[in-house]
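Single-structure report; data block below.
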Amino acid sequence: MKIFWFIPTHGDSRYLGSARGARVNDLAYFKQIAIAADSLGYEGVLLPTGRSCEDSWIVAASLIDTTRHLKFLVALRPGLVAPSQSARMAATLDRLSGGRLLVNLVTGGDPEELAGDGQFLDHAARYEQSAEFIRIWRELLARSHTGEPLDLDGEHLSVKGGKVLYPPVNKPYPPVFFGGSSGPAHELAAEQVDTYLTWGEPPAEVEKKLADVRGRAAAKGRELRYGIRLHVIVRETEDEAWRAAGELLSELDEATVAAAQARFKTMDSVGQRRMAELHGGQFNKADVRQGLEISPNLWAGVGLVRGGAGTALVGNPQQVADRIQEYAELGLEYFILSGYPHLDEAHRFAELVFPLLPLSVREKLTAPALTGPFGEVVANSYVPKAVSAS
């Protein structure tokens, strides 16, 4: 089980849809989150892409010297740069970080945003382009270890005599992650990527998606790894956790939710449509569980105004750990998590839930380079007792 956190390059706040409790979206804050994730024992961090975000590659590069072990799952949008240039960027970042690069292929599901970036392909053609892009990208990096040039002609992208002279540390290339809910997305995943990611739907729905991708991959003689993208709201007690969920939405009004949902309806992303169907755009401030707890401890409230991943695990530490284990039993290995505000919740989740997760994760947290005592020494003499792992 590999636990990742999130660098909120599109902004961060204590309350959704409000400037109240907002954090400054700058390098200093990104560094604080990265250092926290690195020192707490998270496997890596996800850096998103899109018009609303700071550039994922530049932010990742700025965090190399800030961290020691943290991996960077950097979002890559096909079509914005040539696959050869993207391959060189990936090789450089992988080399400079000592092999800590992972790549998240993001085709995109918002025609308006894509048009603003000069991309005008429809849904089906975008996946065709993405498939050609990542095929060229992978081949260029794989061949960088031998120096062999690449010739490849596609419907949307082509390369002749392509080369990357400085190979990445990861062989044959930095691992490729990808998420999508449509048939073309599943086909692309089965054919070319290393890890398929799903958003946080109820376990039964996730199981169906994984079965489809597994079947398609098996037909091509391939096996993939699998992961899930979720938010988390964990507190010492279940009641406290649900109160925190209510506080997260406390600054929202119906007009803001309606505007966000109307915007999401203009997108052609199947995954975004599935997220919207989980909540229907309705919520009750007096009881945020009503209509939004779509499965035990799985809450769709974040998706009322946030595009993309819109569900959170809500509960006490054992409940959240149990839900994570349920997903793990479906075959999920990567858990890419986030919480508002991201710096605070990175600490809270690690402190409350890491001790309940598999040993390899717990060891990273409890066996740092410097040994105890851990916690504040009381009255200049008494050292806090170590917490026993359950």
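Every read-out reported here was derived from the displayed coordinates using simple, explicitly stated rules and does not represent laboratory data. If you're wondering where the values come from, they're calculated on a predicted model, not measured in any experiment. Cβ: placed from backbone, ideal geometry, glycine included. Neighbour counts: every protein chain shown.
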Rounded to the nearest 10 degrees, the helix 317-328 long axis (Cα) sits at an angle to the longest Cα principal axis of the chain of 20 degrees
Low-density loop trypsin sites (Lys or Arg not before Pro), the stretch 185-236, at most 16 other Cβ within 10 Å, DSSP non-H/G/I/E/B, are 220, 222
Expected sort for 24-33, 307-316 on mean C-beta neighbours within 10 Å, highest first, is 307-316, 24-33
At q = 0.12, 0.13, 0.14 Å⁻¹, the log10 of I(q)/I(0) for the chain from a Debye sum over equal Cα scatterers comes to -0.96, -1.13, -1.31
For the stretch 106-187, listing GluC sites (Glu not before Pro) in a DSSP loop whose Cβ sees at most 13 other Cβ atoms within 10 Å gives 155
Here FRET efficiency (C-beta to C-beta, residue 220 to residue 10, R₀ 30 Å, nearest 0.05) is 0.30
Taking 0.36 nm per residue of separation between residue 115 and residue 208 and subtracting their Cα-Cα distance, the length gained on full extension comes to 30.2 nm
Bridge orientation stat for the chain from DSSP, antiparallel percent rounded to 5, came to 20 percent
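Can you give the FRET efficiency for residue 151 and residue 250, using 1/(1 + (r/R0)^6), R0 = 45 Å, r = Cβ-Cβ distance, to the nearest 0.05?
0.20
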Taking Cα atoms, the helix 123-143 axis meets the longest principal axis of the chain at an angle in degrees (rounded to 10) of 80 degrees
The lysines whose Cα lies under 24 Å from the Cα of residue 160, excluding any fewer than 8 residues away in the same chain, are 171
Computed from the beta carbon distance with a Förster radius of 45 Å, FRET efficiency for residue 125 and residue 62 to the nearest 0.05 stands at 0.85
Once residue 158 and residue 286 are pulled to full extension, the length gained, defined as 0.36 nm per residue separation minus their Cα-Cα distance, is 40.5 nm
Computed over the chain: longest principal axis from alpha-carbon atoms vs helix 27-40 long axis, angle to nearest 10 degrees, is 70 degrees
Dividing the helical contributions, -39500 (n - 2.57) per DSSP H run of n ≥ 4, by the residues of the chain yields a 222 nm value, nearest 500 deg cm²/dmol, of -12000 deg cm²/dmol
